[in-house]
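Novice: The structure's right below; bear with me while I get my questions together.
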Amino acid sequence: MAILSDKWIRKAAQDSAMIEPFVEAQRRDGAISYGLSSYGYDARVADEFKIFTNVHSTLVDPKNFDPQSFVDVQTDVCIIPPNSFALARTVEYFRVPRDVLVICLGKSTYARCGIIVNVTPLEPGWEGHVTLEFSNTTPLPAKIYANEGACQFLFLQGNEPCETSYADRAGKYMGQRGVTLPRL
């Protein structure tokens, strides 16, 4: 596997709409940076958030997740309660080529504040908005800024296309739009 460069990412974004909308250069403008970097792409978080709440005292069960465990908020600044988390999604829609695996890492700006961004790998053939999980590990409320950088995606190309892609398996999160809760 090889890590793919900005040149490859730009070409894939332009030729096959791998990332839409695509920002061709790193942007800062008083914001947490986003856009194309040397060996990755810094994605933005959209303004749709699901903030975890314990109002209904439900059990967190990945096989039977209760949507009432979240409060839906559309805002430019999301406040995550202490020691809690929120789900969000990327502004960008991704279409992963058959010979590429995408790994996501959180932005250091958030990590230095005790805010962890968690995303599972984007498998070959997967497409959709990426659901992001922001964990506030601090004893204080934490801010997440919509339409600014949230995480960096690194693109790894295999020696050949995979035999069975996420699309071939009809994966349960294929084509997701918006913030997507756990499915069984």
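Novice: For Lys63 paired with Glu163, estimate the spin-label separation in nm (one decimal), with each label point 7 Å from Cα along the Cα-to-Cβ line.
Specialist: 3.0
Novice: Between the alpha-carbon centers of region 63-123 and region 131-184, tell me the distance in whole angstrom.
Specialist: Between the Cα centre of region 63-123 and that of region 131-184, the gap is 7 Å.
Novice: Follow-up question, since we're still on this one. Given the -39500 (n - 2.57) contribution per DSSP H run of 4+ residues, what per-residue ellipticity at 222 nm results for the chain, rounded to the nearest 500 deg cm²/dmol?
Specialist: Value at 222 nm, helices only, nearest 500: -2000 deg cm²/dmol.
Novice: Please give the contour-minus-distance gain from Thr109 to Asn147: 0.36 nm per residue of separation, less the Cα-Cα distance, rounded to one decimal in nm.
Specialist: Working it through step by step, the gained length comes to 12.2 nm.
Novice: Calculate the dipole size of region 135-184 relative to its Cα centre from +1 charges on Lys and Arg beta carbons and -1 charges on Asp and Glu beta carbons; express the result in debye to the nearest 20.
Specialist: Dipole magnitude for region 135-184 comes out near 320 debye.
Novice: Next up: Got a sec? Which residues in region 158-184 would a label at Ile116 touch, if it sits 7 Å along Cα→Cβ and we count backbone N under 19 Å?
Specialist: It comes to 182, nothing else.
Novice: Any chance you could give the angle, 0 to 90 degrees and rounded to 10, that helix 6-16 forms with the longest Cα principal axis of the chain?
Specialist: 90
Novice: Here is a further query. Please check: in the Gaussian network model of the chain (C-alpha springs, under 10 Å), which one of Asn118, Asn147, Asn54 has the largest mean-square fluctuation.
Specialist: Comparing Asn118, Asn147, Asn54 in the GNM, the peak value goes to Asn54.
Novice: Let me ask something additional. Excluding same-chain residues fewer than 8 positions from Lys143, which lysines have a Cα within less than 27 Å of its Cα?
Specialist: Those lysines meeting the cut-off are Lys50, Lys107.
Novice: So, with +1 on the Cβ of K and R and -1 on the Cβ of D and E, and no other charges, what is the size of the charge dipole of the chain about its Cα centre, to the nearest 20 debye?
Specialist: I would put it at about 220 debye.
Novice: Note down the nm distance, to one decimal, between modelled labels 7 Å out along Cα→Cβ at Gln74 and at Thr137.
Specialist: A separation of 3.3 nm, rounded to one decimal place.
Novice: So how do 41-49, 58-66, 123-131, 175-183 stack up, highest first, on mean other-Cβ count within 10 Å?
Specialist: Averaged packing, sorted descending, gives the order 41-49, 123-131, 175-183, 58-66.
Novice: Return the sequence-ordered ³J(HN,Hα) values of region 79-90 in whole Hz as given by the Karplus equation 6.51 cos²θ - 1.76 cosθ + 1.60 applied to θ = phi - 60°, using x for Gly and Pro.
Specialist: So the Karplus estimates, Gly and Pro as x, are 9, 9, x, x, 6, 10, 8, 9, 9, 8, 9, 6 Hz.
Novice: Please name which of Gly35, Val77, Phe153 has its Cα lying farthest along the dipole of the chain towards the positive end, using unit charges on Cβ (Lys, Arg +1; Asp, Glu -1) and the Cα centre as origin.
Specialist: The residue sitting most towards the positive pole is Val77.
Novice: Using log10 I(q)/I(0) by the Debye sum over Cα atoms at q = 0.12, 0.17, 0.19, 0.20 Å⁻¹ as the read-out, say which of [x] -0.66, -1.19, -1.35, -1.41; [y] -0.53, -1.14, -1.48, -1.66; [z] -0.58, -1.10, -1.31, -1.40 was calculated from these coordinates.
Specialist: Here the calculated entry is [z].
Novice: Residue separation times 0.36 nm, minus the C-alpha to C-alpha distance between Ala25 and Leu181: what's the value?
Specialist: The Ala25-Leu181 span can extend by a further 53.0 nm.
Every number here is computed from the coordinates shown, using simple stated rules; none is lab data. Fair warning: this is a prediction, and the values are worked out from it, not measured in the lab. Here the Cβ is made from the backbone with ideal geometry for all residues, glycine too, and neighbour counts use every protein chain on show.
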